[in-house]
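Structure first, then comments.
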Amino acid sequence: MILWLCVLVRIVSNPVSNALQKVLTQRGLHPLMIVGSTHLLLSLACVPICVQSAEDLSMSFWWSISVCAALAVTSNALLVQAVKLSDLSILGPINAWKAVVSLLPGVVLLGEVPSVAALCGIGLILVGSYVLTGRSRGGGGGRPARLYADRGVQFRFAALVLSGVEAVFLKESLLESTPMITFAWWSVMGLAAAFLGSGIVAQSDSRFEQFPVLRRSIGLTLVVAITTGLMQFTTLVVLSDYAVGPALALFQTSALVSVLLGWRYFQERDVVRRLAGSVVMVVGAILIVLAR
């Protein structure tokens, strides 16, 4: 029962966090500032856990969680940039492509041939992409190429690849600790990685322009930290009991929540078509993952 509650919280918290991040970008906050402030707030809550657990952790854990932190901060910053540039109802369903991306290492490195079910899943994701993009202005059919040419979608794909790799290292971290300890150190190490990346903000934007915006948005930033923390912690709980593949399959339905949030709060159009495309893509992703 607790496990399924975590799955439900994960499905809802992820798109809610993305929606609130989009609001913060509309207020003028840089993606790295959003990610860094999230990790700062989470780290403050995790200090006692880190102090108690530091001496008992192996070198393997430190290596895995360090890689996780670097990947998480980079992928989250790319994701925030994506939601800044594109519709939430488009970006949510794109997550279904994570299942296709996860097939590629086996095909390229091991020569593994995808099963019939996996090929059907890839086909469904392509069909869903076709439905998602709608019809061209000239009256032609939907054009997935237009979708993948979108700058925000490109950032989303980059974030997707990095987060897929991060999931593997998170699983390795869990083998050496508990979900709570992994979450605590993910938060703290992520703060360190975000601090190192903050030099980009200092060079591209005035820090003195960013901080007043952050102060005015502190309440919303706190809610983003809470929803992001819930998303990450419940992910870790599920990963500790499930293999990576089935766990990722369970999370695909959050795409539907993203479409509804985009329609309700950002006045994004074509909600019925985008919901239909999302459902097709989600079914395809689940087929791929469960076919392994």
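The values are calculated or read from the model by the stated rules, or taken from the named source; none is laboratory data. Quantities reported herein were computed from a predicted structural model and do not represent experimental measurements. Neighbour counts are summed over all protein chains in view; Cβ atoms, including those assigned to glycine, are modelled from backbone coordinates with ideal geometry.
Listing for the model above:
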{"read-out": "Enumeration of residues in region 170-189 that are surrounded by fewer than 24 Cβ atoms within 10 Å (Cβ to Cβ) and of a type in the set (S, T, N, Q)", "value": "S177, T178"}
{"read-out": "Leading residue by the ranking (farthest from the chain's Cα centre (by Cα)) among those in region 1-28 that are modelled with pLDDT under 90 and not in a helix (DSSP H, G or I)", "value": "M1"}
{"read-out": "Candidate set from region 162-191 (those that are modelled with pLDDT of 90 or more, among the small types (G, A, S) and assigned to a helix (DSSP H, G or I)); member that is nearest to S66 (Cα to Cα)", "value": "G190"}
{"read-out": "Checking G219 against (1) crowded, with 17+ Cβ neighbours inside 10 Å; (2) at pLDDT 80 or above; (3) over 18 Å from S75 (Cβ atoms), the condition it does not meet", "value": "(1)"}
{"read-out": "L79 vs. criteria part of a helix (DSSP H, G or I) and at pLDDT 90 or above", "value": "yes"}
{"read-out": "Test: residue in region 1-24 that is β-branched (V, I, T) and touching a Pro at 6+ places or on another chain (Cβ under 9 Å)", "value": "no"}
{"read-out": "Filter result for the condition that a residue is at pLDDT below 95, buried (at least 18 other Cβ atoms within 10 Å of the Cβ) and part of a helix (DSSP H, G or I), over A158, A194, A225, A202", "value": "A194"}
{"read-out": "Inter-residue pairs, beta-carbon under 6 Å, first under 11 Å from M189 (Cα atoms) and without any contact (Cβ under 8 Å) to a residue 40 or more places away in the chain and in region 29-54, second of a type outside the set (F, W, Y) and not in a helix (DSSP H, G or I), 6+ apart", "value": "none"}
{"read-out": "Matching residues, region 29-45, being under 16 Å from I226 (Cβ atoms) and over 16 Å from the mean Cα position of the chain (by Cα)", "value": "S37, L40, L41, L42, S43, L44, A45"}
{"read-out": "Matching entry among I65, I11 (being touching a residue at least 12 places away in the same chain (Cβ under 8 Å), under 18 Å from Q252 (Cβ atoms) and of a type outside the set (D, E, K, R))", "value": "I11"}
{"read-out": "Residue match in region 102-115 (condition: modelled with pLDDT under 75, loosely packed, with under 14 Cβ neighbours inside 10 Å and within 21 Å of the chain's Cα centre (by Cα))", "value": "yes"}
{"read-out": "Odd one out for V259, checked against (1) modelled with pLDDT under 90; (2) surrounded by 16 or more Cβ atoms within 10 Å (Cβ to Cβ); (3) touching a Gly at 6+ places or on another chain (Cβ under 8 Å)", "value": "(1)"}
